[in-house]
Amino acid sequence: MDLNIRKAIYANISNNDQEQLEATIVDAINNGEEKMLPGLGVLFELIWNHSNEEEKKEMISSLESGIQNDL
């Protein structure tokens, strides 16, 4: 079986507005189910690929802070 998660995620969100995209992210995080992680990964990949170097540095800094605060 050839399953392309990226294509499935893109198809599911292709017509979503900002409010719907936010709801998708919040729902996936609040739900806490492992099966949602690949979708969040695809969304993060989209964000990363469309961010400039300063935005990427901010994300890494935020990630580092989050990891340190959650340990």
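Bear in mind these aren't lab numbers, they're just calculated from the coordinates by the rules spelled out. Keep in mind it's a predicted model, so treat the numbers as computed, not measured. Cβ atoms come from the backbone with ideal geometry, glycine included; neighbour counts cover every protein chain shown.
In debye to the nearest 20, how big a dipole does the chain give about its Cα centre with +1 on each Lys and Arg Cβ and -1 on each Asp and Glu Cβ?
I would put it at about 280 debye.
Can you sort 67, 25 from fewest to most other Cβ atoms within 10 Å of each residue's own Cβ?
67, 25
Kindly write out, for segment 26-32 in residue order, the coupling ³J(HN,Hα) from the Karplus curve 6.51 cos²θ - 1.76 cosθ + 1.60 (θ = phi - 60°), rounded to whole Hz, with x marking Gly and Pro.
Along segment 26-32, the couplings run 4, 4, 5, 6, 5, 5, x Hz.
Looking at the chain, which GluC sites (Glu not before Pro) are DSSP coil and have at most 13 other C-beta atoms within 10 Å of their C-beta?
33
Please give the helix 53-70 orientation as an angle from the longest Cα principal axis of the chain, in degrees from 0 to 90, rounded to the nearest 10.
Once rounded, one gets 80 degrees.
Picking from 18, 40, 65, whose Cα lies most toward the positive end of the charge dipole for the chain (charges on Cβ: Lys, Arg +1; Asp, Glu -1)?
So the residue furthest toward the plus end is 40.
Along the Cα→Cβ direction, 7 angstrom out, place labels at residue 68 and residue 30. What is the inter-label distance in nm?
It is 3.0 nm.
Please arrange 61, 14, 51 by how many other C-beta atoms lie within 10 Å of their C-beta, fewest to most.
If I rank by nearby Cβ atoms, fewest first, I get 14, 61, 51.
Any aspartates and glutamates with Cα under 19 Å of the residue 57 Cα? List them, leaving off those in the same chain fewer than 8 positions away.
Straight-distance partners of residue 57: 45.
Rounded, prolate or oblate: which one fits segment 5-70, using the alpha carbon gyration tensor with axes a ≥ b ≥ c (rounded when a/c is under 1.5, else prolate when a/b beats b/c, else oblate)?
Oblate is the answer for segment 5-70, as a/c is 1.5 or above yet b/c matches or exceeds a/b.
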